[in-house]
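Everything below concerns the one structure shown next.
No lab work stands behind these numbers, since they all come straight from the coordinates. These numbers were taken from a predicted model, which means no experiment stands behind them. Backbone-built Cβ (ideal geometry, glycine too); neighbour counts: all protein chains shown.
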Ligand SMILES: Cc1cc2nc3c(=O)[nH]c(=O)nc-3n(C[C@H](O)[C@H](O)[C@H](O)COP(=O)(O)OP(=O)(O)OC[C@H]3O[C@@H](n4cnc5c(N)ncnc54)[C@H](O)[C@@H]3O)c2cc1C
């Protein structure tokens, strides 16, 4: 593996296929046609060789937690991408692999006629393994491009300890990167290229039917509120900038209000780029303290999570926790848990804690959970399970199964934050030791918990 520029890694040492008919961009996580460094690099590579570009995006049926909810959100972004790529003169193939009888190995199949492969560099979930697998199969160069954050991941040499260690570094570099994105134009158009690969037609009307035909978890229904795609993301961004950002500093901690951006799912699937959002926020008419508070979350906190999963190979387990947490967990491992709930009780939101159940309800129905109650949601499970490992496993499972923004570096950093990651020791308590403790009683006094609970009751239960 060789870092060839700040955002680009060459994953193997193969030579380009000089008879290649096109450059292949395998789009995995940056599901957008603008502000996309991987697409830009692929266009540049094609232009340098006077070749056309083919963009391939696949959706398989067997990734962990695959469900109607996640599939629908992804499919909602396909038709608009096809249209946008058509305008750019770029051949875009979308393949929905419905079950084990559907054609497989499609990337390797398209790669046979390619000069080289460009793909997305995303530091967690199934993407690193995907990239390793294509490297094993490919006889041509494979480039992985990082379009995750405002600042390239490679600008950090190691895992950062906490927000206070990464913040000054980000502040120092930000001016260099908070700049308008310069798009690249493809010279040799590729719309009419014949490609040996199935291509699934996705329209607004056939999404439900396509999803029903896939061998995935049909019990997790599509979100009632959030719909996928860049256009829907930009619609929400516009509302956020005009109506919500001015009060963000205060309202973001009020789950009963529509007071935060609710853009994390669009960011997770790459429908929106963090740079596009950051620049729009910078230019927006809003008090500086609200803009600063938002950019702290979008850049400092988010990029801390990406740095964590890039550098810590244990990011999806308690082994990623710092020494002080390991010590306090060892000391409190046998503390009596006053109440223990099963996964089933937790999943159904059947605890004695009304606020916790409301947070669970929000997640089940909408595919998101408000940041403020999400912290409480995670912390409480630590107190309600027999072991720390069981608490982690339940949180990972529920967060990734129901949240549209799950399976992301923020998912792991967020869950592990509940166990003390990126935090510091607090006062000692049973079970938690020196891990920061939160209760529904005190947290619920800081906002209108009753109103939030009532709102979640209006959300239709899952069928
Ligand atoms: C237990 C737990 C689980 C979490 N799981 C996820 C997850 O699966 N996916 C996810 O994106 N976030 C997760 N978070 C972080 C945070 O709760 C969400 O990013 C936030 O609720 C998203 O809502 P928003 O877009 O309205 O955020 P806003 O307040 O509008 O913030 C803007 C953006 O900044 C980023 N951001 C906000 N808070 C954080 C944070 N604490 N850490 C890192 N980035 C942040 C997000 O990308 C967000 O969209 C989790 C937090 C906890 C405590």
In whole Å, how far is the Cα centre of the range 339-402 from that of the range 38-90? 34
Quick one: Cα centre-to-centre distance for the range 229-250 and the range 255-270, in angstrom? 9
Return one number: the angle in degrees, 0 to 90 and rounded to the nearest 10, between the long axis of the Cα atoms of helix 274-283 and the longest principal axis of the Cα atoms of the chain. 70
Note to self: Kirkwood Rh of the range 318-457, Cα pairs, one decimal, Å, is 15.2
Relative to the present Cα-Cα distance, how much length would full extension add between residue 448 and residue 192 at 0.36 nm per residue of separation? 86.4 nm
222 nm [θ] for the chain, helices only, -39500 (n - 2.57) per DSSP H run of 4+, per residue, to 500? -12000 deg cm²/dmol
With eigenvalues of the C-alpha gyration tensor scaled by 5 and rooted, the range 78-202, Å: 33, 20, 14
In whole angstrom, note down how far apart the Cα centers of the range 175-215 and the range 420-463 are. 40
Sorted by packing (mean other beta-carbon atoms within 10 Å per residue), highest first, where do 362-370, 190-198 land? 362-370, 190-198
Express as a percent, rounded to the nearest 5, the fraction of DSSP beta bridges in the chain (both residues included) that run antiparallel. 25
Of the range 128-143, those with amide N under 16 Å from the point 7 Å along the Cα→Cβ vector of residue 319 are none
What is the log10 of I(q)/I(0) for the range 2-147, computed with the Debye formula using one identical point scatterer on each Cα and no solvent, at q = 0.18, 0.21, 0.22 Å⁻¹? -1.10, -1.51, -1.64
Run through every distinct alpha carbon pair of the chain and return the Kirkwood hydrodynamic radius in angstroms, one decimal place. 23.2
So for 166, 140, 225, fewest C-beta neighbours within 10 Å to most, what's the order? 225, 140, 166
Would you mind computing, in nm to one decimal, how far apart the modelled labels at residue 164 and residue 347 are, each placed 7 Å from Cα along Cα→Cβ? 4.1
